[in-house]
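Here the structure is laid out as structure tokens; the discussion comes afterwards.
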Amino acid sequence: MPANVIEVQDLAVEYGRGKRRFRAVDGVTFRVAEGECVGFIGANGAGKSSTMKAIMGFLFPAAGHVRVFGEDAGTARSRQRIGYLPEVALYYPFMKARELLELYGGLSGLTRVSLRKRIPEILDRVGLAGRAESLLRDFSKGMQQRLGIAQALIADPEALILDELSSGLDPIGRHDLRDVLMELRRRGRTIFFSSHELTEVESLCDRVIIIHGGKIVTQATVAELMRPLSEIEISFVTGNGSSLPASLTALRPHVADGHGTLIVDSPTRCAEAILALSGAGCQVRRTSTRVRSLEDHFIELVGATRRAP
């Protein structure tokens with residue numbers, strides 16, 4: 001079994017003091033294994049960034065603990081093995097892109113000789129080829145995000161923690177970034193990222209963790225999350241005087257003027273429903289598959305959590 005790179009146990013993060021104390025993360029527990037790509041999704045204010053800052057050691061937990069590469073979060077040795085992209089990256093506007101990457105690369109222990117070779121390669125990789133000598137004040141929001149990804153990758157870390165991965169990127173930028181992350185996955189790197197672009201989560205991740213109100217709503221593989229999102233619609237015509245059996249009325253079919261539809265969630269249940277309809281004297285006209293997106297499922301889960309007492 002692969003080792004755990006990130007271990008979060010009963011984590012609580014609080015802000016403020018006294019009566020104004022607010023718990024942003026409340027009893028969160030999860031693991032990220034070596035070589036795994038995990039998406040961390042939730043609405044604004046759900047607790048994603050606070051959790052990531054605790055993993056990096058920037059915030060001290062009010063309760064619980066976090067371990068990274070088997071060590072307490074925030075140790076120099078664990079941070080040296082991580083590439084981190086913060087939610088909001090503020091860079092000195094009069095630095096050049098090359099100078100920024102030299103700074104971050106030097107902090108990660110890279111020599112000037114290795115950086116001279118590494119910097120052009122990494123800028124080309126994130127779509128900033130030829131911009132090494134450009135001042136950061138001339139960079140757009142999307143270009144700054146690409147540069148932030150470059151600084152996270154500069155030391156070729158074993159694990160990446162990326163907060164709001166595609167913030168400010170246009171569709172081309174998101175496509176390029178997806179290619180970079182797919183390559184890192186093939187190389188066995190561990191990736192833990194948050195994003196509001198749920199199509200990225202669907203296409204990139206092995207597993208998804210959904211957080212809302214500081215608590216984990218669900219965590220499962222992408223396949224497990226997507227399995228119930230595929231539905232089969234059956235259209236049929238009722239026979240003269242025919243009535244639907246109890247096994248079908250439980251599926252809440254919609255029938256009007258002799259025409260009806262019902263929804264099932266698997267091919268097996270589709271076959272059973274067709275047999276039952278035929279046995280009741282109904283004629284099946286067609287079947288069609290509908291696949292709901294992970295975004296729809298996320299909205300349903302969060303909505304159910306909001307309605308819960």
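When the pairs Lys19/Lys48; Lys53/Lys141; Lys48/Lys141; Lys48/Lys117 are compared against a 32 Å limit on Cα-Cα distance, Lys48/Lys117 fall above it. For the range 90-156, relative contact order (Cα pairs under 8 Å, six or more residues apart, normalised by length) works out to 45 percent. Can you tell me how the range 1-126 classifies by the Cα gyration tensor, rounded, prolate or oblate, using a/c under 1.5 as the rounded cut? In terms of gyration-tensor shape, prolate. Each Cα pair under 8 Å and six or more residues apart adds its separation to the average, and for the chain the resulting relative contact order is 19 percent. Taking 7 Å steps out from each Cα toward its Cβ at Arg21 and Arg286 produces label points 6.1 nm apart.
Applying 1/(1 + (r/R0)^6) with R0 = 51 Å to the Cβ-Cβ distance of His65 and His259 gives a FRET efficiency near 0.30. Relative to the longest principal axis of the C-alpha atoms of the chain, give the angle of the C-alpha long axis of helix 141-153, reported between 0 and 90° and rounded to the nearest 10°. Roughly 70 degrees, rounded to the nearest 10.
Between the Cα long axis of helix 294-307 and the first principal axis of the chain there is an angle of about 80°, rounded to the nearest 10.
If each residue of separation counts as 0.36 nm, what is the full-extension length gain between Glu231 and Gln80 once their alpha-carbon separation is subtracted?
On the way: separation 151, 0.36 × 151 = 54.36 nm, distance 4.62 nm.
Taking 0.36 nm per residue and subtracting the Cα distance, the gain is 49.7 nm.
Using only the C-alpha atoms of the chain, find the volume of their convex hull and express it per residue in Å³. Could you put the intermediate results ahead of the total?
Values: hull volume 56.4 nm³, N = 309.
Spelled out: Cα convex hull of the chain, divided by residues, is 183 Å³.
Bear in mind these aren't lab numbers, they're just calculated from the coordinates by the rules spelled out. In this text, all values refer to a predicted model and were calculated from it rather than measured experimentally. Note: ideal-geometry Cβ built from the backbone for every residue, glycine included; neighbour counts use all protein chains shown.
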